[in-house]
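**Q** Sharing a structure here in structure tokens format.
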Amino acid sequence: MIREFKYFAPRTLNDALKLLDKYQDDYKIVCGGQSILIMMRQGLVRPETVIGIKGITELSYIKGDARKGMKVGALTTHRTIEKSKVVQNSFGILAEMENRLASIQTRNWGTIGGNISHADPAGDPAPVLIALNASLTLARAGGERTMPVEDFFLDYFETALEVGEMLTEIQIPPAAPNTGTAYTKVNVIESDMATVGVAVSITLTSKAGTCKNARIVLGAAAPTPMRAKKAEKILIGKKITDSLLKEAGEIASTEAEPISDIHASAEYRRELVKVLVKRVGKEALARAKA
Ligand SMILES: Cc1cc2nc3c(=O)[nH]c(=O)nc-3n(C[C@H](O)[C@H](O)[C@H](O)COP(=O)(O)OP(=O)(O)OC[C@H]3O[C@@H](n4cnc5c(N)ncnc54)[C@H](O)[C@@H]3O)c2cc1C
């Protein structure tokens, strides 16, 4: 049963931040409600005050392009990102990822900011954003701070968001030349959360060159989305081959810290990491060469 609560629906960021500041003791932000309402119905979260931010239209936007980098407002829905021509042309991997996230109904109402703030380790956006070296902005009454997406996740469903803070924007920097990024997930039911998801970004010194930089990011393989840094290291400075990617997958699977649950055993998840790092790595490499 959902407990009775006070409800506010601010229409501006300024008003929302004032409310967060005033109701510090026991509030919960609700945006699209696709994740939080399930937790409220289950009684896992029982706030005294609910601050509904969905009506803050100033935080729904996509600005920039591949050359300048992109800024995405936290309240932008998954569907808007998926369907955006500028996203498809500039950071196509984001649109591809969104296309596989949940159902169209959930994508129509759920937001990228809500997804990241929810911090489900199986969420799709975080591995891709970390592979793209994205940052995010957290605002509070009287100030804001920016941090890499990579540093935002602290534990299962726990983030660096402090009381009084709200996620307002995600920034994606322009990609270096000869960079390719790819993502896939294995899920039991189509349109559902990842059993394991892997994003890989590879930058080459030239189209036929060696690996200058690599990011390998695992989802649903640890309490938070995580970079497999040892695996990344063995790619850098070398000509990437199938056998090198296979080795990277094997190393990444030892770095992962998966759990066993109703969807999969920890062993199976490690195996998926092995296979997916190689598969997604090959795709990222092909894109870096294209
Ligand atoms: C059937 C179903 C299938 C799904 N499948 C997938 C899937 O395949 N992949 C995937 O990644 N996700 C999936 N999800 C999860 C869902 O799509 C996302 O978590 C959703 O995008 C959350 O956005 P929201 O706006 O609805 O957030 P809400 O549910 O409103 O909020 C989620 C959390 O974030 C906080 N919050 C929201 N916005 C902000 C903000 N701007 N600043 C600070 N805190 C904020 C809330 O307080 C809450 O704790 C699925 C959900 C459903 C119901």
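The values are calculated or read from the model by the stated rules, or taken from the named source; none is laboratory data. Every value quoted in this text rests on a predicted model; they were computed, and no experiment measured them. Note that each Cβ is placed from the backbone with ideal geometry, even for glycine, and that neighbours are counted across all protein chains shown. Heavy atoms of the whole protein, side chains included, go into the accessibility calculation; ligands, DNA and RNA do not. Shrake-Rupley method; radii C 1.70, N 1.55, O 1.52, S 1.80 Å.
**Q** What is the diffusion coefficient of segment 160-290 in µm²/s, taking the Kirkwood radius over Cα pairs and the Stokes-Einstein relation at 4 °C with a viscosity of 1.567 mPa s?
**A** On the way: Rh = 15.4 Å.
Calculated translational D: 84 µm²/s.
**Q** What length, rounded to one decimal in nm, is gained on full extension from residue 14 through to residue 213, with 0.36 nm per residue of separation minus their alpha-carbon distance?
**A** Working: separation 199, 0.36 × 199 = 71.64 nm, distance 3.97 nm.
Fully extending the segment from residue 14 to residue 213 adds 67.7 nm.
**Q** Tell me, what is the percent relative contact order of the chain, built from C-alpha pairs under 8 Å that lie six or more residues apart?
**A** 15 percent
**Q** What is the magnitude of the charge dipole of the chain about its Cα centre, with +1 placed on the Cβ of each Lys and Arg, -1 on the Cβ of each Asp and Glu, and no other charges, expressed in debye to the nearest 20? Walk me through the numbers before you get to the answer.
**A** Working: 39 positive and 33 negative charges, 237 e Å.
Taking the Cα centre of the chain as origin, the dipole is about 1140 debye.
**Q** Around residue 112, what is the net charge, scoring Lys/Arg as +1 and Asp/Glu as -1 over all other residues with Cβ under 11 Å from its Cβ?
**A** Working: positive: 79, 107; negative: 82, 98, 124, 169.
Computed value for this residue: -2.
**Q** Which trypsin sites (Lys or Arg not before Pro) from segment 233-290 combine a DSSP loop assignment with at most 15 other Cβ atoms within 10 Å?
**A** Numbers: sites: 233, 238, 239, 246, 269, 270, 274, 278, 279, 282, 287, 289; in loops: 238, 239.
For trypsin sites (Lys or Arg not before Pro) across segment 233-290 that sit outside H, G, I, E and B with at most 15 neighbouring Cβ atoms in 10 Å, the list reads 238, 239.
**Q** So what are the ³J(HN,Hα) numbers for segment 71-82, from phi and the Karplus equation (6.51, -1.76, 1.60; θ = phi - 60°), rounded to whole Hz, Gly and Pro as x?
**A** Once θ is set to phi - 60°, the couplings for segment 71-82 become 10, 10, x, 4, 8, 5, 6, 4, 5, 5, 5, 4 Hz.
**Q** At a 10 angstrom cut-off on C-beta neighbours, averaged per residue, how do the peptides 39-52, 156-169, 124-137 rank from highest to lowest?
**A** Working: 39-52: 15.3, 156-169: 17.6, 124-137: 25.0.
The most tightly packed comes first, giving 124-137, 156-169, 39-52.
**Q** Rounded to the nearest Å, what's the spacing between the alpha carbon centres of segment 154-221 and segment 6-24? Just the number, please.
**A** 31 Å
**Q** Hey, another quick one. Placing +1 on the Cβ of each Lys and Arg and -1 on the Cβ of each Asp and Glu in the chain, which of 141, 24, 115 has its Cα farthest towards the positive end of the resulting dipole?
**A** Farthest towards the positive end: 115.
**Q** Could you work out [θ]222 nm for the chain from helices alone, using -39500 (n - 2.57) per DSSP H run of at least four and dividing by all its residues? Round to the nearest 500 deg cm²/dmol.
**A** Details: 11 runs with 101 residues, N = 290.
One gets -10000 deg cm²/dmol as the mean residue ellipticity at 222 nm.
**Q** A further question follows. Just the accessible area per residue of segment 230-288, please: how many Å² with a 1.4 Å probe?
**A** Working: 3200 Å² over 59 residues.
The answer is 54 Å² per residue.
**Q** Rounded to the nearest percent, how much of the accessible area of the chain (1.4 Å probe, protein heavy atoms only) is carbon and sulfur?
**A** Answer for the chain: carbon and sulfur cover 51 percent of the accessible area.
**Q** Could you give the spread of the C-alpha atoms of the chain along their three principal axes, from largest to smallest, in whole angstroms?
**A** Its Cα atoms span 58, 43, 31 Å along the three principal axes.
**Q** Also, I was wondering about something else. What is the spin-label model distance, in nm, from residue 190 to residue 67 if the labels are put 7 Å beyond Cα along the C-beta direction?
**A** In this crude label model, residue 190 to residue 67 measures out at 3.9 nm.
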